[in-house]
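Down below is the structure, laid out as structure tokens.
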Amino acid sequence: MEGQKEMIQMDVDFVVVGFVESLGWNLGDLMKKDIGHSSRCRVIVRSSVSDNGKGGHSSMQTSGKGEPWRRYREATRVVKGGYRPDEWTTDPYGRSVVNPPVYHASTVVFPTVDSLRAAAADWPFTGLWYGRHGSPTTFALEEAFATIEGGDNACVAASGVSAVNAALLAFLRAGDHLLMTDAVYDPTRSFCDRFLQRFQVETTYYSPTASADEIRSLIRDNTKVIFVESPGSLSFEVMDIRAISAVAHQRGVKVIMDNTYGPTLFKPFDNGVDVSINAATKYIGGHSDIMMGIIATSRETYRDVKKSIAMLGCPPGPDDAYLALRGLRTLSVRLKQHGENGLALAKWLETRPEVARVMHPALPSHPQHELFQRDFAGPAGLFSFQLREYPTHAVNALVDGMELFSIGFSWGGFESLILPIDINSVRSVDKWQYGDGYGATIRLHAGLEDVADLMEDLERGFTRLNEASEAGAAAYSSP
């Protein structure tokens, strides 16, 4: 019956819409049930492509969530992953909606004691249990993300930070050792240094350009996790995730990746990653108006991650989950434009005399450009550049006067952002080069504006930079 719908009318006393099998009933048993009503109703039994031919409600499946649409190409997976209209309706004729409803719920009610006990037997892996553990809105988002990330399943969290923290805590205990990239997102560094350390988890930072052999030499008997982030979100080093994962698995170590740079651009599970995290606040949401984290897992790691999320109690709000899923549906077209705008800006910046270097992995001048070309489908809109040595007040003049670039953290929204950054303030192993011709570092996120307008905005900024620098020099040299 895969891909078809079948309607069976019977003289029974209630309506069942969806998968009767998921309740443990067959149609013969269903006819014998006495619920004390006399109305004539229909029993509607449907199966569809979204069920993947396995039977059962999708919320009851603890593996294979990314499979139903895996045979399609990327853009189709982005649009269709997690799409289960049969499960989003109670209409007796099977009419449904394009997007799942927003479920605002805390208490979940159970029709019988048996159904309560069945759900309790393996919570939180039995679908609806309590609002904190998921709803049809979040289930759809989790399945959609597992589909595009290449994972077996996924879990949502209230923010990217909570997703990172929950993933780490799923595999770390007192006395364990963690290997962490020195280019990691600063809140993750803070969690390691200020939280995990309190509970006797030791963190060793390694260079983001370390080879697999160098990382192998850092693995100890009590090393449980190697955490990777590629490219780094300030300095944009690219790591050989495939080689690092191979080394980790030889020693029984899990690999957790922060893959927020550009969802769909890198396939973590094809490169050996066990758990992949995305701050859906950014490109998945796409509009700078939600806080959200999503964790994709392998089949082997799902239960540990889901339990960690449940214990920490960090679910997203239902409206944010809905907005994240809506944003995800246009991810392909948005990310393509972000990448094109960003690369155009990066190439243009390389021609500017004020710029010492541009840190964009899609540029041939980038040290790991070939690795990026091998592993990534394309660039996102985020990169950094380094000015030549200018006084601080001149750099501030460049940034403060921007009209189209707003000063702000994060990335992935439709708008362009600019942010002065000090890479060494969040480094402990590899210090970034400042001085000897290398000055302030600035991170850009290329939004969806016309790239010619963005270049003109930056050009006016360089004019302010030069004028402020010359004025300062003149003032300093005047008697």
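The values are calculated or read from the model by the stated rules, or taken from the named source; none is laboratory data. These numbers come from a predicted model, not from an experiment. Glycine also receives a Cβ, built like all others from the backbone with ideal geometry; neighbour counts cover every protein chain displayed. Accessible surface areas use protein heavy atoms only, side chains included; no ligands, DNA or RNA. Shrake-Rupley method; radii C 1.70, N 1.55, O 1.52, S 1.80 Å.
Data overview
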read-out: For the range 209-349, the spread of Cα positions along each principal axis, largest first, Å; value: 45, 44, 22
read-out: Positive-pole candidate from Val97, Gln250, Ser58, dipole of the chain, charges at beta carbon; value: Ser58
read-out: Per residue value of the accessible surface for the chain (all protein chains in place, 1.4 Å probe), Å²; value: 44 Å²
read-out: When the range 315-355 is reduced to its Cα atoms, the Kirkwood hydrodynamic radius in Å; value: 12.6 Å
read-out: Projected area, mean over directions - the chain, Cα convex hull, nm²; value: 26.0 nm²
read-out: Relative contact order, percent, the chain [alpha-carbon distance under 8 Å, six or more residues apart]; value: 13 percent
read-out: Segments 275-284, 162-171, 73-82, 432-441 sorted - mean Cβ within 10 Å per residue, highest first; value: 275-284, 162-171, 73-82, 432-441
read-out: Spatial separation of Cα centroids for the range 328-373 and the range 106-165, in angstrom; value: 37 Å
read-out: Dipole-positive endmost among Pro136, Gly378, Leu169 within the chain (Cβ charges, Cα centre); value: Pro136
read-out: Cα gyration tensor shape of the range 361-413, rounded if a/c is under 1.5, else prolate or oblate by comparing a/b with b/c; value: oblate
read-out: Heavy-atom accessible surface of the chain: percent carbon and sulfur, 1.4 Å; value: 52 percent
read-out: Whole-Å semi-axes of the ellipsoid equivalent to the range 58-191 (Cα gyration tensor, √5λ, descending); value: 30, 22, 13
read-out: Too-long pairs where the Cα-Cα distance tops 19 Å, listed order kept, from Lys267/Lys347; Lys267/Lys336; Lys282/Lys306; Lys65/Lys307; Lys65/Lys306; Lys282/Lys336; value: Lys267/Lys347; Lys282/Lys306
read-out: Using θ = phi - 60° and Karplus 6.51 cos²θ - 1.76 cosθ + 1.60, couplings along the range 106-123 (whole Hz; Gly, Pro as x); value: 10, 6, 10, 9, 10, x, 8, 5, 4, 5, 5, 5, 5, 5, 6, 4, 8, 5
read-out: Cα-centre dipole for the chain with unit charges at Cβ (Lys and Arg positive, Asp and Glu negative), debye to 20; value: 1280 debye
read-out: Relative contact order, percent, the range 232-309 [alpha-carbon distance under 8 Å, six or more residues apart]; value: 23 percent
read-out: Relative contact order computed over the range 180-252 (Cα-Cα under 8 Å; 6+ residues apart), in percent; value: 39 percent
read-out: Overall form of the range 329-442 per C-alpha gyration tensor (a/c, 1.5; a/b vs b/c); value: oblate
read-out: Prolate/oblate/rounded call for the range 147-283, Cα gyration tensor, a/c under 1.5 rounded; value: rounded
